[in-house]
Amino acid sequence: MGIRSMHGDLSITKSEEGVPPDIQIRGKKMWVADTFRFPGVSLSDNVSNALSSRSGVIMNKCKDQAHPVDYAAALSVDKSSKNEGPLYPTSQLARVLEQELKEQVLPLPHVGSVRGAGLFRRVESVQDMQTRQPFEKLGVATAVHDLWLELDVQVYVYEGVADGTLGDVTIFAPGYNCTEGNIQIMVDTVDKTISNTLA
């Protein structure tokens, strides 16, 4: 496809520190209530200009590439969010999620760390909270996941993050259309169950 800076169309999103990236990869089903697929790569003016001064083409193949209806819908939503404000107050929701996880979950037994950005936060489960030594058995993160799933809290599971085999992380990534109430229910559920699961 031809090179074009996304500043004039779909804005590059700044980080929490207010610094825009040079290249930003956008995932599938990014806009319009998970109805339309809209993957893509946004380029800063510097990167776009550098590429345009050469071939002016990015060679790529993507199963959802260049679908006109999806692009029209995404551009319309992006324009509305610029004129009327974002569809969902994600910055506020991200602050609530970060605060609640750090206040309620981080002090719990066997929680080594809470990290992340935006609405994407990870909780590390450890055997020793001081040294952050991982559990010496497999499946801890999966056990946590299965229990929370029974209680209608869905998380992502990553195991082997410490050495390729051991090391347990669960990731919270609520949708953009969640509410502060949803986040509070999620965190309260984690608070009530994590001690029993990892004891």
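Yes/no matrix, rows are residues, columns are (1) under 17 Å from D188 (Cβ atoms); (2) outside the structural domain of N182 (by TED's automatic domain parsing); (3) modelled with pLDDT under 85:
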residue: A73; (1), (2), (3): no, yes, yes
residue: S80; (1), (2), (3): no, yes, yes
residue: A94; (1), (2), (3): no, no, no
residue: K102; (1), (2), (3): yes, no, no
residue: V105; (1), (2), (3): yes, no, no
residue: G116; (1), (2), (3): no, no, no
residue: L119; (1), (2), (3): no, no, no
residue: Q133; (1), (2), (3): no, no, no
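So, Y158, is that one among the hydroxyl-bearing types (S, T, Y), part of a strand (DSSP E or B) and assigned by TED's automatic domain parsing to the domain that holds I194 or not? Steps first, please.
On the way: among the hydroxyl-bearing types (S, T, Y): yes; part of a strand (DSSP E or B): yes; assigned by TED's automatic domain parsing to the domain that holds I194: yes.
It is true that Y158 is among the hydroxyl-bearing types (S, T, Y), part of a strand (DSSP E or B) and assigned by TED's automatic domain parsing to the domain that holds I194.
Can you list residue pairs whose Cβ atoms sit under 6 Å apart, with the first residue in segment 42-68 being over 21 Å from P20 (Cβ atoms) and in a loop (DSSP other than H, G, I, E, B) and the second being of a type in the set (A, V, I, L, M, F, W, C) and modelled with pLDDT under 85? Count only pairs 6 or more apart in sequence or on different chains.
Partner pairs satisfying both residue conditions: G56/I3.
Being over 20 Å from R115 (Cβ atoms) and modelled with pLDDT of 85 or more is the filter here; which residues of segment 153-180 pass it?
Scanning segment 153-180 gives T165, T179, E180.
Matching residues to (1) more than 18 Å from G175 (Cα to Cα); (2) in a strand (DSSP E or B):
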{"residue": "E100", "(1), (2)": "no, no"}
{"residue": "G116", "(1), (2)": "no, yes"}
{"residue": "V123", "(1), (2)": "no, yes"}
{"residue": "L138", "(1), (2)": "yes, no"}
{"residue": "T142", "(1), (2)": "yes, no"}
{"residue": "L149", "(1), (2)": "no, no"}
{"residue": "D152", "(1), (2)": "no, no"}
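Is it true that some residue in segment 141-150 is acidic (D, E) and either surrounded by 15 or more Cβ atoms within 10 Å (Cβ to Cβ) or touching a residue at least 40 places away in the same chain (Cβ under 8 Å) (or both)?
First, the residues of segment 141-150 that are acidic (D, E): 146, 150.
Okay, now just the ones that are also either surrounded by 15 or more Cβ atoms within 10 Å (Cβ to Cβ) or touching a residue at least 40 places away in the same chain (Cβ under 8 Å) (or both), so none.
No - not one qualifying residue is present in segment 141-150.
Return yes or no: is A94 closer than 30 Å to A74 by Cα, among the small types (G, A, S) and not in a strand (DSSP E or B)? Break it down into steps so the answer makes sense when it comes.
Values: closer than 30 Å to A74 by Cα: yes; among the small types (G, A, S): yes; not in a strand (DSSP E or B): yes.
When the stated conditions are applied, A94 passes them.
In segment 153-183, what residues are acidic (D, E) and buried (at least 20 other Cβ atoms within 10 Å of the Cβ)?
To start, the set of residues in segment 153-183 that are acidic (D, E) comprises 159, 163, 168, 180.
Residues satisfying the conditions are E159, D168.
Among all residue pairs at least 6 apart or on different chains, which show Cβ distances below 6 Å where the first residue, located in segment 183-199, is within 13 Å of V105 (Cα to Cα) and assigned by TED's automatic domain parsing to the domain that holds G112 and the second is modelled with pLDDT of 85 or more and acidic (D, E)?
Listed by first residue and then by second, the contacts come to V187/E100.
The values are calculated or read from the model by the stated rules, or taken from the named source; none is laboratory data. Given the structure is predicted, the values throughout are model-derived calculations rather than measurements. Counting neighbours? That spans all protein chains shown, and the Cβs are built from the backbone with ideal geometry, glycine included.
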